[in-house]
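*Asks:* Before anything else, here's the structure in question.
Coordinate-derived values only; no laboratory data. Since we're looking at a predicted model, the values are computed, not measured. Note that we place each Cβ from the backbone using ideal geometry, even for glycine, and neighbour counts take in every protein chain shown.
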Amino acid sequence: MKKYLLIILLFLSLNLFSTEDIETIIITGETEKINKFDNNTKQISIISKEEISLLPGASTSELISSAMGVAMSKMGNDASPSFISIRGSSPEQVLIMLNGKRLNSSQGGGVDLSTISPESIKEIEVIRGGGSAVYGESAFGGVVNIITDENINSYIRIKYDYNIEKRNILSLNLNKNFKGLNVNGGIYGIYSPGNYDFLYRESSRQRINSDLKSIFGSFNLNFLINNIDITLNNSLYTADKGVPGIIEFPSITARMKDLEYISGINFNFIDLFFIDVTYLNKIRDYKDSDAPLGPISSNHDYKSLSSTFSYNNTIELSSRFDYLDSTTIDKNIKREAISLYISPQYIFSKLLIHPSIRIDTVIDSDIIFSWSLGFSYNFDSQNRHTLKSSVANSYRLPSFNDLFWPQTSFAIGNSNLKNENAIIFDLGIITALTGNLKLETTLYYHDISNLIQWNPGPNGLWSPNNLGSAQIKGLETELSILIDFLPIYGYLEGRINYTYLSALNRDPGILFNKKLINRPSHKGNVILIYYHYNSFKISLDTTFTGESYITSANTKSRAGYTLVDLNTIIPITDELILNIYGKNLLNKNYTDYRGYPVPGFTLGISLEYIRNINE
């Protein structure tokens, strides 16, 4: 009762805060952009619709991984699950949102980005650094908001994509504007037999049981009634796939079926009040009739209902109810939370100050306070040179799997786990050296306590434990350039970024100052895009990932690798576009950090038809 009274009293006291002359911009379900330069103090990367269309046959995770500070884990070929990490975080420590709606589940495991159609994406916003004061639990390493297409034009788009692994993708998108009503929907289907050759320890092998059949569908409505902007979002993902396992312990008979459904409605009252209600349901069925220790069959049904009320984008009251019914856990599990968030912004000429405070009340647990303080300063009136900095704390609750995994022959959960916590600081500068040349550089520091990590115990059982403390620090820098050739030749656009990461175990003992596993110290991207006037486009994407350790004692490491992708876009007519792409041109054989082999060179082709259907 005391917790509820505290929330109510704090909410009533908000009238003491004057919101006049305060401009606030946060990520919501709306599709407005975040101003990267002068109206936000966070370190943000924006991946635009134009760039998305030019990256070669890219999945959603590959699109995001081109941003500095971001690393991708792909568990096989293009049809396999994929996850991202920001600034050395785990996938569970990155908050993923679709149109401002949370996709992370309390069950754990991170968000598989292969379940989201890249064809329907308008823009991707990547916030580097923790954001619990604004976004709550799971925003530990960063936040990704994926914004789907919303267009004033009515159109139909059909695209077919095929590669030499016999992976087939068919997508259909429709956008229709009526008087006062926008209807948007799409279907994105994948079929992949999944079997491919790879090289392991100088011998050729074939990946077995990695087939996939999946469909992602979305249907959205937007209309205006009496100055109230109403949006309905619905998406459905269903998949039937093999689970091939890691190289050393393949599982050639394991099967998994997924069903994910998201439905939400939000009301925007003249950009003053915002109300959102979202329902999320994830169902997973796993079977392995030929597992080494006997047949396995499990079913997991996760449900989440959340609501948000926001005033002037400055004050927000939200609630969330999570529920898990799993055959692998002896009891049904629930988690309830009520949150209050206050985040004004104060503008003083060239200086913007952005304090935030959040109170999360998790029922039958502690009250959690999160805070952040950021500022940005523009050195000139044209916003050519901007300094940004922020300091904040972040947290992540242990997942249901961490806490309640039942004892089996290989693993057991830990009900005594504490919340992961971190203090985060970053300092960055964005400078426009010329009209066509921009440089962005950021230094960051994360001091982490109670880091949760699964390790084998004395009895041989894997179990999660709080490791004590860790320290992550590094540098991110990116140079953007535009070279305009003669009008008959076109122009070249380039983006070069580099990330240095130092992730150390700071827990006293024999592992003190050892590097944390699966976190490469160096990563770089070079993206070059050539636009020929009224003709073709070519993009070249080169990614370097450095060496990383795979043992806590730093006795074994995984070698670094370089990937090169090439994409050519050729307009055949005004409505028909041909796309020919090659991925991993150097035919590099490597495994992701979970021990999954990734294919070598892949050649693909796609044909896209777009027709304007405006009346």
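*Asks:* For region 522-585, report the convex hull volume of the alpha-carbon atoms normalised per residue, in Å³, without decimals.
*Replies:* It comes to 82 Å³ per residue, whole-number rounded.
*Asks:* Give the value in nm², to one decimal: projected area of the alpha carbon convex hull of region 341-409, averaged over all directions.
*Replies:* Hull-based average projected area comes out at 7.7 nm².
*Asks:* Neighbouring Cβ atoms within 10 Å as the yardstick, rank Glu547, Glu608 fewest first.
*Replies:* Listed from fewest to most nearby Cβ atoms, that is Glu547, Glu608.
*Asks:* Let me ask something else about it. Given Cα positions, please report Rg to Rh for region 302-351, the hydrodynamic radius being the Kirkwood one.
*Replies:* Using only Cα positions, Rg/Rh for region 302-351 is 1.30.
*Asks:* OK, next. Just how many % of Cα pairs in the chain lie over 38 Å apart, if you round to the nearest whole percent?
*Replies:* On the way: 59100 of 188805 pairs.
Here the tail beyond 38 Å accounts for 31 percent of pairs.
*Asks:* Also, quick follow-up: For the residues Val277, Val134, Val362, what sequence is obtained by ranking on other C-beta atoms within 10 Å, fewest first?
*Replies:* Fewest to most other Cβ atoms nearby, the residues stand as Val277, Val362, Val134.
*Asks:* Please turn the phi angles of region 70-81 into ³J(HN,Hα) values with the Karplus equation 6.51 cos²θ - 1.76 cosθ + 1.60 (θ = phi - 60°), one per residue in order, whole Hz, x for glycine and proline.
*Replies:* Coupling constants for region 70-81: 10, 10, 10, 10, 10, 8, x, 7, 4, 8, 8, x Hz.
*Asks:* In what order do Leu607, Leu113 fall by count of nearby beta-carbon atoms within 10 Å, going from fewest to most?
*Replies:* In order of increasing Cβ crowding within 10 Å: Leu607, Leu113.
*Asks:* Tell me the Kirkwood hydrodynamic radius of region 234-335 in angstroms, computed as one over the mean inverse distance between distinct C-alpha pairs.
*Replies:* Radius from the Kirkwood sum: 16.4 Å.
*Asks:* Given Lys523/Lys583; Lys213/Lys287; Lys473/Lys588, which pairs have Cα atoms separated by over 25 Å?
*Replies:* Beyond 25 Å: Lys473/Lys588.
*Asks:* For Tyr500, what charge total do you get from the other residues with a beta carbon under 12 Å from its beta carbon, if Lys and Arg give +1 and Asp and Glu give -1?
*Replies:* For residues surrounding Tyr500, the net value is +3.
*Asks:* Right, something else. Please sort by residue number the trypsin sites (Lys or Arg not before Pro) in region 498-589 whose DSSP state is loop and whose Cβ has at most 12 other Cβ atoms within 10 Å.
*Replies:* Lys556
*Asks:* Largest first, please: the extent of the C-alpha atoms of region 550-615 along each principal axis, to the nearest Å.
*Replies:* Here the spans come out as 66, 26, 14 Å, largest first.
*Asks:* Then there's this: For region 238-344, which trypsin sites (Lys or Arg not before Pro) are both in a DSSP coil and crowded by at most 14 other Cβ atoms within 10 Å?
*Replies:* Of the trypsin sites (Lys or Arg not before Pro), the ones in loops of region 238-344 whose Cβ has at most 14 other Cβ atoms within 10 Å are Lys331.
*Asks:* May I have the convex hull volume per residue, in Å³, for the Cα set of region 489-615?
*Replies:* So the per-residue hull volume is 156 Å³.
*Asks:* Please work out the Kirkwood hydrodynamic radius for region 280-389, using every pair of different C-alpha atoms, and report it in angstroms with one decimal place.
*Replies:* 18.1
*Asks:* Now a separate question. log10 I(q)/I(0), Debye, Cα-only region 380-479, no solvent, q = 0.11, 0.22 Å⁻¹?
*Replies:* For region 380-479, the Cα-only Debye profile gives -0.53, -1.05.
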